[in-house]
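Below you'll find the structure, written out as structure tokens, and then a few comments.
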Amino acid sequence: MRFSLLEKFAAAVLAALWLVWGSHTIGEALLHVDDSLVNAALAAVTAERSEATGTTGESADEGGALAMLASVDAERGKKVFNKCKACHTPGRGAAHRIGPNLWDVVGRVKGGAEGFKFSASLSGLGGEWSYEALNAFLTKPKDFAPGNKMTFPGLKKAGDRAAVIVYLRSLSDSPSPLP
Ligand code: HEC
């Protein structure tokens, strides 16, 4: 049987399309597997750690972000902070905006920035901004402090949270030791 030129051409196009589609799907499948493996590993480590220390809630390593603090790229944190800049200044002694100035926020009393009028929700939290508390708050502010007035949905990616927390840590003359 002989194929016409047109038929050969059509077959070649189909084959090419199939290849492109196929490699795309396979690539995605690989990425997906990779992602869920990483998440599973992180979840296992987190569970083990909170079991070992008997901690729950705020002190659990939400999404494994705290485990990444030592290795995360500081430049990434600066980029993530672009999402916060509309409301927060990072510099020492800089003015409050819609949100409080964040110089030296790690280890500061929650809702304790001087001269900023916090909601009762935030100032009623008590305790200091530990890495754990920041991680939990930045995951979903409205779950961590219901009724607070930071209108920001949160950072879904643990890597983004880790990066921005490392950046917040750098806003100090004597940054707190990493966990
Ligand atoms: C739309 C404005 C807005 C954005 C965007 C925003 N915040 Fe806020 N943030 C606020 C406000 C307002 C408060 C005070 C909330 C309250 O009193 O209820 C706050 C509070 C905070 C606090 C508590 C400070 C303290 O002294 O207790 C931290 C930490 C914080 N924000 C970090 C961030 C980070 C990090 C980002 C970016 C990932 C971010 N915020 C994005 C408005 C914002």
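Quick notes on this one:
- Of the residues making up segment 144-153, those that are within 8 Å of the ligand (Cβ to nearest atom) and not hydroxyl-bearing (S, T, Y) are A145, G147, N148, K149, M150, F152.
- Of the residues making up segment 73-100, those that are within 9 Å of the ligand (Cβ to nearest atom), under 15 Å from I165 (Cα atoms) and either in contact with a Lys or Arg (Cβ under 6 Å, 6 or more places away or on another chain) or touching a residue at least 12 places away in the same chain (Cβ under 8 Å) (or both) number 5.
- All of (1) open to solvent by 30 Å² or more (accessible area, probe 1.4 Å); (2) near the ligand (Cβ under 8 Å from one of its atoms) hold for S176 with one exception: (2).
- Conditions (1) within 11 Å of the ligand (Cβ to nearest atom); (2) over 21 Å from G93 (Cβ atoms); (3) among the small types (G, A, S); number of the one not met by G159: (1)
- Restricting attention to segment 123-133 and to residues that are open to solvent by less than 40 Å² (accessible area, probe 1.4 Å) and touching a Phe, Trp or Tyr at 6+ places or on another chain (Cβ under 9 Å), the residue that is farthest from L168 (Cα to Cα) turns out to be A133.
- For the residues D160, D143, D104, the requirement of being closer than 20 Å to D61 by Cα and crowded, with 16+ Cβ neighbours inside 10 Å singles out D160.
The values are calculated or read from the model by the stated rules, or taken from the named source; none is laboratory data. What you see is a predicted model; the values in this text were computed from it and never measured. No Cβ is skipped: glycine too gets one built from the backbone with ideal geometry, and neighbour counts run over all protein chains shown. These accessible areas exclude ligands, DNA and RNA; they are computed on the full protein's heavy atoms, side chains included. Shrake-Rupley method; radii C 1.70, N 1.55, O 1.52, S 1.80 Å.
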